[in-house]
């Protein structure tokens, strides 16, 4: 874990995996084949890539029931509580249609409508997280999306992890399909005999999924392409080194390319955290991943002043930011870029991963400069509403026509003037 | 102008120009060179593509003054009124930071911050519209964006159209740079000696601009890539054929690939509009463009019933939709997808292009299924706020730890449990 200066920050930046030219071509070919041959292609690729021979690729009620029975009842309760917290938070994000009226009878406004159909990609294997189901499906449900389908790659046994199925069922999503990779993205975007096409695709995936999402973007909408996870901790003498270290490691265990950075003005905290990180690291089950991440992308940046520390934090625009200082709210007010901000000693980052309520789909790789967490807003779209009154048009027709002509658009001017007949 | 059935709709669909492989490579090369050589590359390409030898590529106050003097005072007043209307509408779109509190002291919320720096691309030549300046800059200003710069290609004489400069000056934007194409997009995204990099780039442009925006996307944010303009008119016997025809032509004059479609249940209106379109077409200055557009992408769809007509409208998801029927508001309530909806006989589409207030940057090519007009929201981003109380963590620590372990993330569980020391 390097102790570095603010000016070395750029050495930590990792870009999103863009894939190789060969991977891109392979993804394009798969998409084309699914477009042409539908279900049959999806099945062929599922056999080829997942080693599973799937006859019926929609999950049946029996499979849902089996998953439910296999899961500990106590855990189902925790899932239910987490889902309720997530729903409650996202309900506050709901936006409504609005309009304003003028005395002349003109009405201007904005109509908000849900996207009609959304597909959620849930990764397979060890990264098959029930929390991914919650974080993508719940905001879509709160937005009012009518049709939500989940795709997720099956294991060799043709099964989908029980946690994912239970999470889906708790939310009432009964369209879950066993397919992954570019073939699943293509099926969502263009439809097959079994799946009707959706309008938007969200959810994380490997490089093939990311490339496929980029490829279908425009025909459907997609969420952001996520890079490796990141945490920045802004801490002072009030922070406990063991807690900060544990939080840094919780990001490091995600991925060897995850980045965990402490920014502090307190040199003794810096030393304490470094010692604690290596001490705690030793006993982690995901030791190899966490160690690689800490060695390569872990850092402690010691700043001379609080303003310098805050500038550093803003430069990083981290996905997760913890503020463990004397006045965390005051410091938060000065943070301009971060995906999620965790305040005070009890807001350990994993609190937000599953349970508190805010979304865990967050902008990575510094994109918090211009991107936001996944919100209900990502599942609605707006239409402008313009109802001009006769009086308003009569008053403004000449101005609008003149503006049109100055932009060289005569037919625009004439469209306005065609109404003049009415008040002649 | 074809009279067609709803089932023929797909024949009207045009996709966004993706450019050729050669164009893509050329754009990649230009971006790379601007990244490496900054101002010098921008100047070289401006000479090569725009034929202008630019010494100082930032517009000077003298040039602003000259532009202002060259414009009719009456037009300046119209511009000011339009800007005020646009600002007033967009101010209603402002979103605020919010939080909720729990009795145990937990605070959850969402902080809204403006994007720090935005670059607006304004096309050159005959498409150099003051309204483009307004529609991109005003929402950014309302969002609170601190640094806004405009780039626009100069003419051979090294000058920028007066209307664009006056519009910029009316809004207080004094950073206007003479550069266009991929070189301007690269300068905005990566910065040069003269321009500091921005975080988001908006505004329309030709295929090179669109390709360059796609290329830099991820390093900065971009707005949507717009396809050719579209209008759909839903009209019944209450509509006047001449007015509908004039409105259809106002879209057709934009571009030979623009699409203008009437959807109606009234056969005599259909006939009347067709006749009026060809009659009005003859005297248009942009006859060739409008004629090509009407012939190729103009259509009249006669439906048997109102529900069928509304289904057709929803399938089209048009950029502009006019509803000229007996009960336009009731019909609007049943429209799920459209960029902007113009209600009643006085809401001719050009009313919205410049003057009424809503944005004219709208989703094209059916993307209104999942995209929105440009709004103030496009110039802010959100950060989740999580301040967990001691009491909340104490109550939920075991659940969160259990959830973490079920997802296979031990370090997450330990981060939570590291706080247990505090209440031992």
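Between 0 and 90 degrees, rounded to the nearest ten: what's the tilt of helix B:181-190 against the longest Cα principal axis of chain B?
Approximately 20 degrees, to the nearest ten.
Take residue B:390, project a point 7 Å from its Cα along the Cβ direction, then tell me which residues of segment A:314-356 have their backbone nitrogen under 18 Å from it.
Inside the label zone: A:324-329, A:343-348.
Over the whole of B:113-124, what's the average partner chain Cβ count within 10 Å per residue? Rounded to a whole number, please. Could the numbers behind the result be given before it?
Values: counts 7, 1, 5, 5, 2, 1, 0, 0, 0, 0, 0, 0.
The mean count of partner-chain Cβ atoms within 10 Å per residue comes to 2.
Shielding of B:364-377 by partners, i.e. mean partner chain Cβ atoms within 10 Å per residue? Mind dumping the intermediate values first?
Working: counts 0, 2, 2, 6, 4, 10, 14, 6, 9, 5, 0, 3, 0, 4.
Per-residue shielding by partner chains comes out at 5.
Most mobile of B:105, B:172, B:124 per a Gaussian network model of chain B (Cα springs, under 10 Å)?
B:105
Express the C-alpha Rg of segment B:134-212 as a ratio against the empirical globular expectation 2.2 N^0.38 Å, rounded to two decimals. All intermediate terms of the calculation are to be shown ahead of the outcome.
On the way: Rg = 12.3 Å, N = 79, 2.2 N^0.38 = 11.6 Å.
That ratio works out to 1.06.
Do the sum for chain B: with -39,500 (n - 2.57) for every DSSP H run of n ≥ 4, divided by all residues, what is the mean residue ellipticity at 222 nm, to the nearest 500 deg cm²/dmol? Kindly include the intermediate steps, with their values, before the conclusion.
Working: 16 runs with 186 residues, N = 424.
Rounded to the nearest 500, it is -13500 deg cm²/dmol.
How far is helix B:241-252 tilted off the main Cα axis of chain B, in degrees rounded to 10, range 0 to 90?
60 degrees
In vacuo Debye scattering of segment A:39-101, one point per C-alpha: log10 I(q)/I(0) at q = 0.22, 0.26 Å⁻¹?
Treating every Cα as an identical point scatterer, log10 I(q)/I(0) equals -0.91, -1.03.
Can you give the average number of partner chain beta-carbon atoms within 10 Å of each beta-carbon in peptide B:104-111, as a whole number? Please list the in-between numbers first.
Working: counts 0, 2, 5, 4, 8, 4, 8, 7.
The shielding value for this peptide is 5.
How far apart are the residue B:13 label points across copies, placing each 7 Å from Cα toward Cβ, in nm, shortest first?
Ordered by distance, the counterparts are at 3.8 nm.
Name all residues of segment B:162-195 having a backbone nitrogen under 19 Å from the label point set 7 Å from the Cα of residue B:40 along its Cα→Cβ direction, giving them as ranges.
B:183-184, B:186-188, B:190-195, by backbone N distance to the label point.
Nearest 5 is fine: what % of DSSP beta bridges in chain B come out antiparallel, could you say? Write down the numbers at each step before the final one.
Values: 13 of 50 bridges.
Roughly 25 percent of the DSSP beta bridges within chain B come out antiparallel.
For chain A, what percent of Cα pairs sit more than 38 Å apart? Walk me through the numbers before you get to the answer.
Numbers: 31437 of 89676 pairs.
Looking at chain A, the distances longer than 38 Å represent 35 percent of pairs.
Expressed as a rounded percentage, what relative contact order does segment B:178-281 have, with Cα pairs under 8 Å and six or more residues apart? Please list the in-between numbers first.
On the way: 135 pairs, mean separation 22.5, N = 104.
Here the relative contact order equals 22 percent.
Within segment B:21-222, what percent of beta bridges assigned by DSSP are antiparallel, to the nearest 5?
Numbers: 5 of 19 bridges.
Restricted to segment B:21-222, the bridges split so that about 25 percent are antiparallel.
Report, in whole Å, the centroid distance computed from the Cα atoms of segment A:82-108 and segment A:161-215.
For segment A:82-108 versus segment A:161-215, the Cα centre distance is 29 Å.
Can you tell me the relative contact order of segment B:21-222? Whole percent, Cα pairs under 8 Å, sequence separation 6 or more.
Numbers: 334 pairs, mean separation 57.7, N = 202.
Contact order relative to length: 29 percent.
Starting from the Cα gyration tensor of segment A:47-148, multiply each eigenvalue by 5, take the square root, and state the resulting semi-axes largest first in whole Å. Intermediate values should be presented prior to the final figure.
Values: eigenvalues 303, 73, 25 Å².
For segment A:47-148, the ellipsoid semi-axes come out as 39, 19, 11 Å.
Grab the beta carbon distance between residue A:81 and residue A:268, set R0 = 41 Å, and tell me the FRET efficiency rounded to 0.05.
Working: r = 39 Å, r/R0 = 0.95.
For R0 = 41 Å, the calculated efficiency reads 0.55.
Mean-square fluctuation check for chain A, GNM, Cα pairs under 10 Å: which of A:384, A:88, A:131 is largest?
Maximum among the listed residues: A:384.
Can you say what percent of the DSSP beta bridges in the protein assembly as shown, counting only those with both residues inside, are antiparallel? Round to 5. The partial results should precede the final answer.
Working: 26 of 106 bridges.
The antiparallel proportion sits near 25 percent.
Which distances, shortest first and in nm, link residue A:2 to the matching position in the other copies, using label points set 7 Å out along Cα to C-beta?
In ascending order, 6.0 nm.
Roughly how many nanometres apart are two label points built 7 Å out from the Cα toward the Cβ at residue A:282 and residue A:60?
In this crude spin-label approximation the distance works out to 5.3 nm.
Quick one: pull the percentage of alpha-carbon pairs in segment A:21-222 with a separation above 25 Å.
Numbers: 8017 of 20301 pairs.
Counting pairs separated by more than 25 Å, the tail of P(r) holds 39 percent.
Could I have the simple spin-label model distance between residue B:193 and residue B:292, label points 7 Å from Cα toward Cβ, reported in nm to one decimal?
Result: 4.2 nm between the two label points.
Ordered by packing density, taken as the mean number of other Cβ atoms within 10 Å over each peptide's residues, highest first, how do B:157-164, B:238-245, B:283-290 rank?
Numbers: B:157-164: 18.6, B:238-245: 22.1, B:283-290: 16.6.
So the order, starting with the most tightly packed, is B:238-245, B:157-164, B:283-290.
What per residue convex hull volume, in Å³, comes out for the protein assembly as shown when only alpha-carbon positions are used? Intermediate values should be presented prior to the final figure.
Values: hull volume 139.0 nm³, N = 848.
Measuring per residue, one finds 164 Å³ for the Cα hull of the protein assembly as shown.
What does the highest-first list of B:262-273, A:223-234, A:343-354, B:54-65 look like by mean Cβ count within 10 Å? Working shown, then result.
Details: B:262-273: 20.3, A:223-234: 24.1, A:343-354: 25.7, B:54-65: 14.2.
Ranking, from highest mean packing down: A:343-354, A:223-234, B:262-273, B:54-65.
Compute the distance from the alpha-carbon center of segment B:7-61 to that of segment B:361-424, in whole Å.
40 Å
If you line up the long axis of helix B:287-297 against the longest principal axis of chain B, both from Cα atoms, how many degrees apart are they, to the nearest 10?
The helix B:287-297 is inclined about 70 degrees to chain B.
For Cα pairs less than 8 Å apart in space and 6+ apart in sequence, what is the mean separation divided by the residue count of chain A, i.e. the relative contact order in percent? Write out the running numbers ahead of the final one.
Working: 815 pairs, mean separation 87.6, N = 424.
So the answer I get is 21 percent.
Assuming 0.36 nm per residue, please report the length gained on full extension of the stretch residue A:91 to residue A:402 beyond their Cα-Cα distance. Walk me through the numbers before you get to the answer.
Details: separation 311, 0.36 × 311 = 111.96 nm, distance 4.58 nm.
Length gained, residue A:91 through residue A:402: 107.4 nm.
Here, each number is a calculation from the coordinates, and none is a lab measurement. The structure presented is a predicted model; accordingly, all values stated were derived computationally and were not measured. Backbone-built Cβ (ideal geometry, glycine too); neighbour counts: all protein chains shown.
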